[in-house]
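See structure below.
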Amino acid sequence: MPIPKFDELFNDVLEFLSDKKEYKTRDVKEKISNKLDLTDEERQQLLPSGQETIIKNRIGWSISSLKKAGYVESQNWGSVNITDFGLKEYGKNHNITIDDLIKVPEYLEWINGTSGSTEKESESGESTPEEEINNAFIQINKKLADDLLENILDMNPFDFENLVLDLLLKMGYGGFREDAGFTTQKSIDEGIDGIINEDVLGLDKIAIQAKRYSSTKIGSQLVQGFAGALVGKGLNKGVFITTSSFTPKAIEFVNNQSNLTIILIDGKKLANLMIKYDLGTSTTQTYELKRIDSDYFNNVD
């Protein structure tokens, strides 16, 4: 049989998770790919990038789609389990398709991208090939962001601290690693994980706080503690980074500060910044879109 499309794997994923246990995502990919009626050659066939097998990539997309539609969830990063909703829907219909997922507003929002065209519109020809490429690019980066966060949460605290430093350096802060001026929690007051030079010369300093949480939201109390630590160190600029998210009260507190500048970076923004600044990612393939050079043709006699 040919390698199944990602939407043809929904029921394999739901059947595997129907015991309501939590599994590592990588284990789900491995066990389902081995269970399918594929030849060894099909099972080992790689993506053009060579970084993953096609079947595991498609299982990953299937899991991501089911997650966005609420059929499965990740209570802990890097793991997946079926939800009560997913178990109920799968119990009613052992043939879950893309049409079932599109009925869920959150999934529809996920596949819409910025152009507003849905997968249905793509099939009916209402979106142009360029729009389809743009939507595919957006969805790939959204999945990449999810995968980045899963990998971050597998890191130890020291490596996560280095990741934060690497990102800030790539963004132009601190100059070079050897003279970035970054100091760690061992020498910093409680509430601050590090201090980095804002520029190469170190004319100003930025305090850093980094929390590696899987789901716990950062509340106003922690952000207020960070603000107090800034004042205590005589600083007025800080960046609070988390792999989870911030509560509305935490965001409101930061927005109401007049003497302090505190930037909040949640997990989604952290992953997108890593993609933008090529940290922990690599380019596997480049496509060039050509257009008519009207200047050339206008100058032809």
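List of remarks:
- Residue under evaluation V254, criteria (1) under 16 Å from I206 (Cβ atoms); (2) touching an Asp or Glu at 6+ places or on another chain (Cβ under 6 Å), criterion not met: (2)
- Checking D84, D19, D40 one by one, the residue that is at pLDDT 95 or above, acidic (D, E) and open to solvent by 90 Å² or more (accessible area, probe 1.4 Å) is D84 and no other.
- Scanning segment 251-262 turns up no residue that is within 17 Å of D166 (Cα to Cα), in contact (Cβ under 8 Å) with a residue 12 or more places away in the chain and not aliphatic (A, V, I, L, M).
- Pick from segment 220-255, criterion among the polar types (S, T, N, Q) and open to solvent by less than 40 Å² (accessible area, probe 1.4 Å), ranking: nearest to A145 (Cα to Cα): T243
- Among helices (runs of 4 or more DSSP H) entirely within segment 208-301, having at least 3 residues that are among the aliphatic types (A, V, I, L, M) singles out 220-232, 248-255, 267-276.
- Of residues in segment 1-11 being more than 23 Å from the chain's Cα centre (by Cα) and within 14 Å of S64 (Cα to Cα), the one surrounded by the fewest Cβ atoms within 10 Å (Cβ to Cβ): E8
- Some residue of segment 153-173 being on the phi > 0 side of the Ramachandran plot and either modelled with pLDDT of 85 or more or surrounded by 16 or more Cβ atoms within 10 Å (Cβ to Cβ) (or both): yes
- Flag if K31 is closer than 25 Å to I111 by Cα and among the basic types (K, R): no
- Residue match in segment 45-62 (condition: open to solvent by 40 Å² or more (accessible area, probe 1.4 Å) and more than 23 Å from the chain's Cα centre (by Cα)): yes
The values are calculated or read from the model by the stated rules, or taken from the named source; none is laboratory data. Computed from a predicted structure; not experimentally measured. Don't worry about glycine lacking a Cβ; one is built from the backbone with ideal geometry, like all the others, and counts go over all protein chains shown. Accessible surface is based on the protein model in full, side chains and every heavy atom, while ligands, DNA and RNA are left aside. Shrake-Rupley method; radii C 1.70, N 1.55, O 1.52, S 1.80 Å.
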